[in-house]
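The values are calculated or read from the model by the stated rules, or taken from the named source; none is laboratory data. Since we're looking at a predicted model, the values are computed, not measured. Quick reminder, even Gly has a Cβ in these numbers, built from the backbone with ideal geometry, and neighbours come from all protein chains shown. Each accessible area value is taken on the protein alone, full model and side chains, heavy atoms only, with ligands, DNA and RNA left out. Shrake-Rupley method; radii C 1.70, N 1.55, O 1.52, S 1.80 Å.
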Amino acid sequence: MNDSTKDSQELIEDLGKAGGGLSSGRAFFLKYLGFPLLNSIILWERALDIFEKEGGKVLSLARSMEKDKLFERVLVPKLFGLEDNSRYYSVAMVIEHLIIVGSALKKRIPLLSQGKNFDKEIKIEDYKPYMEIDDTIIDEYEIFLHGFRKEVEENVDNIYLENRHEHPWFGELKAKDWSVMGAIHQIVHRRQIEAIIRGL
């Protein structure tokens, strides 16, 4: 739904702050029920399959659009797993966000599997696509996606190693858990892109 009665600044101000997270009920469900259940049934290899498959869907959706529409922001309805602040994006912004998060996962998953730690606190607001985005964004995502699995697999040691780092919504996650989170993240934002396209 594209709200033509408000300008961009008004829409942004009406949304929650970046990093505000999900509603308490949804946050509780995801952290203690939804994510643990999915994490228990999605194997490491399957998580990578989902990541790639959903990324392919994102590429197909983006390439089907007229270039000017790629950068048009749309306020989408509340989607499960999507915080309020992220509801007013363009498709280009979603893709930029997927690159930012995916690039972090490409480093984080191998490091945790190797028993290494990193001290930096993960903040959702640091992964927002509020920046100038080049019109080559689709090609950039395709290059990223095609190299993601190979680089992760080549650098992973023990994917199930009990070495964890905290996610702000899901708690302490080991390398395999971060892989599953990445797969789910792809699904959430593929659904967001579909909602944006419906609203154009």
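So which residues in segment 63-90 are hydrophobic (A, V, I, L, M, F, W, C), surrounded by 15 or more Cβ atoms within 10 Å (Cβ to Cβ) and within 19 Å of Tyr127 (Cβ to Cβ)? So that I can check it myself, show each step before the final result.
Residues of segment 63-90 hydrophobic (A, V, I, L, M, F, W, C): 65, 70-71, 74-76, 79-80, 82.
Those still in the list that are surrounded by 15 or more Cβ atoms within 10 Å (Cβ to Cβ) too: 65, 70, 74-76, 79, 82.
Matches in segment 63-90: Val76, Leu79, Leu82.
Filter segment 148-177 down to the residues that are within 17 Å of Arg46 (Cβ to Cβ), touching a Leu at 6+ places or on another chain (Cβ under 6 Å) and open to solvent by less than 20 Å² (accessible area, probe 1.4 Å) and list them by number.
Ala175
Please count how many residues of segment 27-51 are within 21 Å of Gly147 (Cβ to Cβ) and surrounded by fewer than 16 Cβ atoms within 10 Å (Cβ to Cβ).
Taking segment 27-51 and keeping what is within 21 Å of Gly147 (Cβ to Cβ), we get 44-51.
From what is left, the residues that are surrounded by fewer than 16 Cβ atoms within 10 Å (Cβ to Cβ) are 45-46, 49.
Within segment 27-51, residues that are within 21 Å of Gly147 (Cβ to Cβ) and surrounded by fewer than 16 Cβ atoms within 10 Å (Cβ to Cβ) number 3.
Of all residues being touching a helix residue (DSSP H, G or I) at 6+ places or on another chain (Cβ under 6 Å) and either open to solvent by less than 30 Å² (accessible area, probe 1.4 Å) or small (Gly, Ala, Ser) (or both) in segment 186-200, which is farthest from Ser103 (Cα to Cα)? Just the residue, please. Talk me through it step by step, then tell me what you get.
Pass one, segment 186-200, residues touching a helix residue (DSSP H, G or I) at 6+ places or on another chain (Cβ under 6 Å): 186-187, 189-190, 192-193, 196, 200.
Checking the rest, the ones that are also either open to solvent by less than 30 Å² (accessible area, probe 1.4 Å) or small (Gly, Ala, Ser) (or both) come to 186, 189, 192-193, 196.
Numbers: Gln186: 13, His189: 16, Gln192: 20, Ile193: 20, Ile196: 24 Å.
Looking at the filtered set, the residue picked out is Ile196.
Six or more apart or on different chains, Cβ atoms under 6 Å: show the pairs whose first residue is in segment 68-81 and among the β-branched types (Val, Ile, Thr) and whose second is assigned to a loop (DSSP other than H, G, I, E, B) and open to solvent by 60 Å² or more (accessible area, probe 1.4 Å).
Val74/Asn2
Using the structure shown, decide if Leu145 is in contact with a Gly (Cβ under 9 Å, 6 or more places away or on another chain), open to solvent by less than 80 Å² (accessible area, probe 1.4 Å), closer than 23 Å to Gly21 by Cα and not in a strand (DSSP E or B).
For Leu145, the condition - in contact with a Gly (Cβ under 9 Å, 6 or more places away or on another chain), open to solvent by less than 80 Å² (accessible area, probe 1.4 Å), closer than 23 Å to Gly21 by Cα and not in a strand (DSSP E or B) - is not met.
Which residues, taken from segment 114-128, are open to solvent by less than 70 Å² (accessible area, probe 1.4 Å) and within 22 Å of Leu98 (Cα to Cα)?
Answer for segment 114-128, where residues must be open to solvent by less than 70 Å² (accessible area, probe 1.4 Å) and within 22 Å of Leu98 (Cα to Cα): Phe118, Ile122, Ile124, Tyr127, Lys128.
Every residue in segment 149-200 that is among the hydroxyl-bearing types (Ser, Thr, Tyr) and either within 23 Å of Val91 (Cβ to Cβ) or outside any loop (DSSP other than H, G, I, E, B) (or both), please. Can you show your working first?
The initial filter retains those residues of segment 149-200 that are among the hydroxyl-bearing types (Ser, Thr, Tyr), namely 160, 179.
Listed by number, the list holds a single entry, Ser179.
Just one of Gln114, Gln192 is polar (S, T, N, Q) and within 23 Å of Arg73 (Cα to Cα); which is it? Show your work before the answer.
Working: Gln114 fails: within 23 Å of Arg73 (Cα to Cα).
So the residue among Gln114, Gln192 that is polar (S, T, N, Q) and within 23 Å of Arg73 (Cα to Cα) is Gln192.
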